[in-house]
Amino acid sequence: MSRGSGGGYDRHITIFSPEGRLFQVEYAFKAVKAAGITSIGVCGKDSVCVVTQKKVPDKLLDHTSVTHLFPITKYLGLLATGMTADARTLVQQARNEAAEFRFRYGYEMPVDVLAKWIADKSQIYTQHAYMRPLGVVAMVLGIDDEFGPRLYKCDPAGHYFGHKATSAGLKEQEAINFLEKKMKNDPQFTYEETVQTAISALQSVLQEDFKATEIEVGVVRKENPDFRMLSTEEIDEHLTAISERD
Amino acid sequence: MGDSQYSFSLTTFSPSGKLVQIEHALTAVGSGQTSLGIKAANGVVIATEKKLPSILVDETSVRDISSLFFHKSQPFSCLLFRCHFLILFFFLNYLWQVQKIQILTPNIGVVYSGMGPDFRVLVRKSRKQAEQYHRLYKEPIPVTQLVRETAAVMQEFTQSGGVRPFGVSLLVAGYDDKGPQLYQVDPSGSYFSWKASAMGKNVSNAKTFLEKRYTDDMELDDAVHTAILTLKEGFEGQISGKNIEIGIIGADKKFRVLTSAEIDDYLAEVE
């Protein structure tokens, strides 16, 4: 049974601590970092690109089954950084919700509506004791009919914002510092610049050069609003372009 | 709400008779961004700091709702008031962007200090309650009734099983047949009517400032100036139309959020 003062339970379920904090939510953020990968998203003038590390810990694993990038509908993608099991649950529910939206209202779920839905669901977990918050930061991307390319980030606390560029995971803060410098004068990146900014940000922050099999890249473009994951050949092209540029 | 395993309340009395979870919720409110409200003789103004966490956040995702409402309302103005309400709520629920001051009905607006995600839940519930009232009585809901129902929801979460109190305090500004009104609702569910109030980080300085400056016969424009000056008192950094939000409602009974250009105009007048 819980006691009025918290009695130590403020660390176990999402009730307030004496300082007015929710420890379970803060621990959920730590769980996102503990997964050990970093992700980056960049929104350009007519495209959005997300990049994440692909760590396959065991050579015997089928590397095609290791992924953090999920299509929710044909036009919406979700990059889940953090605990993979929680990510799969979130993706499953998001896919269901997006499909029902399409059926109920007759048009595709917009990016911001999906982001808000994820954020509101996360808020419920921060207020009801029976479910813990999910240890996942979700980046949702898509092309909006009215507003063009959109990138939203939803966190375990239930916050969500649209971003010009953002990051999540282990080296989140370093990546955000790097991106703030790049996006300072509101550059309107073309598709190639968007992808290369995202990949080079990841390389710079993790201080290593990647092979095409070590990262996953997902894009949506105005010319082709389907959410697509780039093949290894396409990633290679971008990596070559970046190393030639430097 | 909640699983049967949590059919006991998490907010229980301490030996000294206090509900400690509510006190902690108030602490959470006290560490939120400052917001305030002032009731003038012919209207109400509410205002808040809007500090976005990084320059990478897309400001257009923090869109002004009222601008979309105005240009879309032209074809609807000839429909029954009932349809107007329903369509307003449809748009609001699906085109909501991250904005701190929110509109509950055409003549009632609300701002908060504390946890943003909790605020979204309360706004959604309040809007639904306002709409249900309207469907039953064919009248816009009076401000006091809406405040009472919202407060009841907040109280529920301090007593029901398996949930924690809301970590927000609300300032509700409205103008109905009884004139301009300003209410503050706390996480405990208690609410009071105020002539002027503040909440969040800088609450004690802000309240002292307001006590000195408030007069009963203030006009709405004076109230906006006073609100800006109060926010300026505890503001870190350069105040501008981009990092504060102001909502006003006048005798026309239409609540609206000021654009950043309008705020900049008021700021220039203040200096």
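The values are calculated or read from the model by the stated rules, or taken from the named source; none is laboratory data. All values derive from a computational prediction rather than experimental measurement. Reconstructed Cβ throughout: ideal geometry from the backbone, glycine too, with neighbour counts over all protein chains shown.
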Quiz item: Of the residues that make up region A:27-37, is at least one on the phi > 0 side of the Ramachandran plot, within 14 Å of chain B (Cβ to nearest Cβ) and surrounded by 19 or more Cβ atoms within 10 Å (Cβ to Cβ)?
Solution: no
Practice problem: Six or more apart or on different chains, Cβ under 7 Å: which pairs go from a residue in region B:212-234 that's closer than 20 Å to B:GLN181 by Cβ to one that's assigned to a helix (DSSP H, G or I) and aliphatic (A, V, I, L, M)? Could you list them? | Solution: B:THR230/B:ALA206; B:THR230/B:LEU210
Quiz item: Is it true that B:PRO140 is of a type outside the set (A, V, I, L, M), in a loop (DSSP other than H, G, I, E, B) and buried (at least 19 other Cβ atoms within 10 Å of the Cβ)?
Solution: yes
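Evaluate region A:92-105: report whether one residue or more is at pLDDT below 95, part of a helix (DSSP H, G or I) and of a type outside the set (Lys, Arg).
Within region A:92-105 (the criterion being at pLDDT below 95, part of a helix (DSSP H, G or I) and of a type outside the set (Lys, Arg)), the answer is no, since none of the residues qualifies.
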Quiz item: Within region B:1-29, how many residues are within 7 Å of chain A (Cβ to nearest Cβ) and in a helix (DSSP H, G or I)?
Solution: 8
Exercise. Might you let me know whether region A:39-53 holds any residue that is surrounded by fewer than 16 Cβ atoms within 10 Å (Cβ to Cβ), more than 14 Å from chain B (Cβ to nearest Cβ) and either at pLDDT 95 or above or under 30 Å from A:ILE143 (Cα atoms) (or both)?
Key: no
Practice problem: Working carefully through the options B:VAL153, B:VAL123, B:VAL168, find the one that is aliphatic (A, V, I, L, M), over 22 Å from B:GLU23 (Cβ atoms) and modelled with pLDDT of 95 or more. | Solution: B:VAL123
Quiz item: Looking only at residues in region A:170-197 that are within 12 Å of chain B (Cβ to nearest Cβ) and either basic (Lys, Arg) or in contact with a Gly (Cβ under 6 Å, 6 or more places away or on another chain) (or both), which one is surrounded by the fewest Cβ atoms within 10 Å (Cβ to Cβ)?
Solution: A:LYS181
Quiz item: Taking the condition away from chain B (no Cβ under 14 Å) and either touching a residue at least 24 places away in the same chain (Cβ under 8 Å) or surrounded by 14 or more Cβ atoms within 10 Å (Cβ to Cβ) (or both), does A:ILE72 pass?
Solution: yes
Quiz item: Which one of the conditions (1) surrounded by fewer than 18 Cβ atoms within 10 Å (Cβ to Cβ); (2) among the basic types (Lys, Arg); (3) at pLDDT 95 or above does B:LYS51 fail to meet, given that it meets all the rest?
Solution: (3)
Practice problem: Kindly indicate which of A:SER167, A:SER122 is in a helix (DSSP H, G or I) and buried (at least 24 other Cβ atoms within 10 Å of the Cβ). | Solution: A:SER122
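A quick yes/no check of all residues on (1) more than 17 Å from the chain's Cα centre (by Cα); (2) hydrophobic (A, V, I, L, M, F, W, C); (3) assigned to a helix (DSSP H, G or I); (4) modelled with pLDDT under 95:
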| position | (1), (2), (3), (4) |
| --- | --- |
| A:LYS153 | no, no, no, no |
| A:PRO187 | yes, no, no, yes |
| A:VAL195 | no, yes, yes, no |
| A:ASP209 | yes, no, no, yes |
| A:THR213 | yes, no, yes, yes |
